């Protein structure tokens with residue numbers, strides 16, 4: 001049975017109790033600039049997120065992965081670019097930028113009269129401490145599954161092999177690896193009482209991709225506990241840290257309602 005540990009408090013303080021290399025994977029969505037105040041408890045900026053990133057480098061094991069789901073505020077008509085600054089700082093302290101993934105929102109909030117297109121995505125930066133130990137690729141169906149093609153000597157493909165006797169016939173596979181743009185609806189979950197929950201399927205897919213059963217996952221900005229809920233369902237151990245008491249209670253309730261892994 002997976003162990004889910006919920007900790008109330010400041011992640012910078014509480015992560016000090018985690019031993020070096022004690023975490024297999026981090027999946028989190030930190031505050032986005034000053035877009036939300038989180039009941040007035042938010043103290044966020046470069047003076048905080050740099051320290052958080054340094055601590056993540058310490059607690060993640062060699063070959064572990066950090067998935068950092070983040071967006072930017074727009075101030076006086078200009079995006080802050082904080083997400084890029086954070087990504088570069090991850091690299092500066094020693095992480096590799098393994099992949100820059102996109103959460104494509106299938107139900108974005110329309111923008112009107114802003115001289116900007118509707119914002120329909122967020123970044124999902126995947127950082128690794130050296131090469132990732134685990135990559136359980138998610139797959140999708142190939143649209144041309146079963147089609148036959150002829151590979152020419154020069155590497156190109158042709159449907160007509162009558163005058164090319166040395167060609168090799170290949171058949172399109174049933175499955176292919178997903179691309180790095182993942183589509184999910186926007187989950188506001190207003191009924192939960194938290195302003196910024198992300199889709200459970202998003203957490204599910206990253207947990208499957210970058211960890212194995214029995215691994216330990218950390219979310220230092222646990223919010224409503226989505227990462228913990230999905231970790232419990234997928235038989236992963238999880239450490240959740242949440243500063244705001246109201247959100248901590250929401251996370252605790254959601255995780256306690258999850259049936260034990262079988």
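If packing is taken as the average count of other Cβ atoms within 10 Å, what order do 51-58, 218-225, 134-141 fall into, highest mean first?
For the peptides 51-58, 218-225, 134-141, the packing ranking is 218-225, 51-58, 134-141.
Calculated FRET efficiency, residue 184 and residue 257, Cβ-Cβ r, R0 30 Å, to nearest 0.05?
E between residue 184 and residue 257, to the nearest 0.05, is 0.85.
Of 80, 226, 28, how do they rank once you tally other Cβ atoms within 10 Å and put the fewest first?
Lowest to highest Cβ neighbour count: 80, 28, 226.
Only the coordinates and a few stated rules stand behind these numbers; no lab work does. These numbers come from a predicted model, not from an experiment. Note that we place each Cβ from the backbone using ideal geometry, even for glycine, and neighbour counts take in every protein chain shown.
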